[in-house]
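Written out below as structure tokens is the structure these notes cover.
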């Protein structure tokens, strides 16, 4: 699970109001270099919750590389766009847990795949 | 990528060994996946794949996911419930054509999106179960779930024979949907109840506009 995916997800546990962001408890994290597509990164700047991305990078032990403030969608500085690209697409949690910020319900991540299924008594 | 080239690449993907009838599992045929993504790729009005964040809802073995990546999607997240389908999906992701990080998979039940839009994307693509066995209505559940996820558009494949019913349901739900292409779907003889070798069915590619919702 890459952090762009994490940024697009919420907890869907019933009857809670604080759904985002899902807390990350990593066990295994890896970084895989990816082809840089500045147009896609710029487009995503208008979609993502930037603070949650910063928070997620901290949880994964990669803090300090992102700019302090969210760049605008017409950002042209390649270093800045590459830092965002790195955070969104190159850092992956392979094993670990996502945790609902309100209920504490844990969603396991195995082999890079978050299991977001709720049990029958939870829906 | 030219449609023929796209189709040829998609035909390299692995298929289900023991497809589950209850989930209407089969690989979306290469020529259909190529036509769906080729259609949006060629469309000037609906150029909605390139550099987009896409969700493949009920992704199965990942045929539409792969097709979307080949036609320039920025990132695709496959949503799938079944562990065997996920295993096949991951196996297909190993193909050297895919940079792994543009293709994520989330294990989830499509019905969980009916009341809570807990995932976001620009565009949702889906080849849902047709809902013509003993699972009537599941096709439109997929459309409703997709509509809750997408901010731009939903592309979804449905049997032409269900068009009138879908039009009624879409109107009732207040969805802005239209059939944008018709295709011939050669359903392979995957299940025992298919008597003829290859059964050809007419299918519609629907586009639901989500920008104004």
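Every read-out reported here was derived from the displayed coordinates using simple, explicitly stated rules and does not represent laboratory data. From a predicted model like this one, the values you see are computed outputs, not experimental measurements. Reconstructed Cβ throughout: ideal geometry from the backbone, glycine too, with neighbour counts over all protein chains shown.
At a 10 Å Cβ-Cβ cut-off, how would you order A:117, A:53, fewest neighbours first?
A:117, A:53
Roughly what angle does helix A:50-59 make with the longest principal axis of chain A, taking Cα atoms, 0 to 90 degrees, to the nearest 10?
Roughly 70 degrees between the two axes.
Please quote Rg/Rh for chain A to two decimal places, taking the Kirkwood radius as Rh and restricting both calculations to Cα atoms.
Reported Rg/Rh, Kirkwood definition of Rh: 0.99.
Return the FRET efficiency for the residue pair residue B:135, residue A:33: r is the Cβ-Cβ distance, R0 is 30 Å, and the value is rounded to the nearest 0.05.
Once rounded, the FRET efficiency stands at 0.10.
Counting pairwise Cα distances across chain B, what percent come out greater than 22 angstrom?
When all Cα pairs of chain B are counted, 44 percent exceed 22 Å.
What does the helix-only formula give at 222 nm for chain B: each DSSP H stretch with n ≥ 4 adding -39500 (n - 2.57), the total divided by the residues, and the result rounded to the nearest 500 deg cm²/dmol?
-9000 deg cm²/dmol
Once label points are set 7 Å from the Cα along Cα→Cβ at both residue B:91 and residue B:209, what is their separation, rounded to one decimal in nm?
4.2
Based on the Kirkwood radius over alpha-carbon pairs, what value in µm²/s does the Stokes-Einstein equation return for the translational diffusion coefficient of the range B:23-113 at 4 °C and 1.567 mPa s?
This corresponds to a translational diffusion coefficient of 98 µm²/s.
Whole number please: convex hull volume per residue, Cα atoms of the protein assembly as shown, in Å³.
140
For Cα pairs less than 8 Å apart in space and 6+ apart in sequence, what is the mean separation divided by the residue count of the range B:1-94, i.e. the relative contact order in percent?
29
State, as an integer percentage, the relative contact order of chain B based on alpha-carbon contacts under 8 Å between residues 6 or more apart.
Relative CO of chain B lands at 17 percent.
Regarding the range A:1-71, what is the average projected area of its C-alpha convex hull, in nm²?
Quarter of the Cα hull surface area: 5.7 nm².
Sorting check: for A:72-83, B:66-77, B:116-127, B:150-161, which peptide has the highest mean count of neighbouring beta carbons within 10 Å, and how do the rest follow?
Those peptides, ordered most packed to least, come out B:66-77, B:116-127, B:150-161, A:72-83.
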